[in-house]
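Presented below is the structure to which this report refers.
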Amino acid sequence: MPPGSPPRTRRRRWLWTLLIVAVAFVVAVPAAVVGTGIWLRGAARGHVHPLATVPAAPVALVLGAQVYPDGTPSPFLAARLDLARQLYDAGTVRAVLVSGDHREWHYDEPGAMSRWLVERGVPERKVVQDHAGFDTYDSCVRAKKIFGVDRMIVVTQQFHIDRAVALCRDAGIDAVGVGDETVKRFGRAWDYGAFREQLAGVKAAWDVVTGRDPVFLGPRETGVDDALAN
């Protein structure tokens, strides 16, 4: 801006700039949400199944969610775990990989998930913990690169299942999905999760386009191989 411009002129230019940025944001964000939603639904189409008819696979991947301070899985996470338990009991999978956030010592999603499954009859040797599944993208990439999973059933809530399947398939896994709807009775929490999912889709597209590495990659682990061998 030239020196000596009248204050009113500078203020007017600043307001026009702010307006243009605001309009661009209002237009771009909904377009990105719609576009990524179309991509995710297309990538997952034909790969999401009801529990009773999902094709068998060696492994179920359960994606992490909130764990309460006493170590109890939240209802949303417990519902995911119960789907995995049913898949194991039916012989549809032979091992369960639980992937979640253990960034801080006192907060351990995989540990809580594992305990929940073992307490309900899934053999401990069949449950494998991934302690660096900080988001869906990380969980999918680590399932492939760290645990060597090539084919699996990914388990989460129904509003999240398209993104989970799309990201796992993009990671090179022959993935199908089963989505839970039993916690839809928690109406406000369900609606919030569904709304948040629209924005998470935009991040998922960015992760795929950039091909970023997970927050923590690390060396190859044999936990899934051992669980399947046993």
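Classified by the C-alpha gyration tensor, segment 121-230 has an oblate form. Its axis ratio a/c, with a ≥ b ≥ c, is 1.5 or above, and a/b does not exceed b/c. Only one residue of ALA200, LEU167, GLY187 has its Cα farthest out toward the positive end of the dipole of segment 161-206, where Lys and Arg carry +1 and Asp and Glu -1 on Cβ, and that residue is GLY187.
Each Lys and Arg contributes +1 and each Asp and Glu -1, all at the Cβ; summed about the Cα centre of segment 74-230, the dipole is approximately 180 debye. Phi angles across segment 117-123 convert, under the Karplus curve 6.51 cos²θ - 1.76 cosθ + 1.60 with θ = phi - 60°, into 3J(HN,Hα) values of 5, 5, 5, 10, x, 7, x Hz, Gly and Pro given as x. Along segment 69-75 the Karplus relation, 6.51 cos²θ - 1.76 cosθ + 1.60 evaluated at θ = phi - 60°, assigns HN-Hα couplings of x, 7, x, 8, x, 4, x Hz to successive residues, with x for each Gly and Pro. For segment 92-153, what class follows from the C-alpha gyration tensor (a ≥ b ≥ c being the square roots of its eigenvalues): rounded when a/c is under 1.5, otherwise prolate if a/b is larger than b/c, else oblate? Oblate.
ILE173: net charge of surrounding residues, Cβ under 13 Å, Lys/Arg +1, Asp/Glu -1, itself excluded? That works out to +2. Looking at segment 106-230, the accessible area is 48 square angstrom per residue; that uses a 1.4 Å probe and ignores ligands, DNA and RNA.
The values are calculated or read from the model by the stated rules, or taken from the named source; none is laboratory data. Just so it is clear, the structure is predicted and the values come from calculations on it, not from any experiment. Every residue, glycine as well, gets a Cβ built from its backbone with ideal geometry; the counts of neighbours run over all protein chains shown. To get the accessible areas, we keep the full protein, side chains included, count just its heavy atoms, and leave off ligands, DNA and RNA. Shrake-Rupley method; radii C 1.70, N 1.55, O 1.52, S 1.80 Å.
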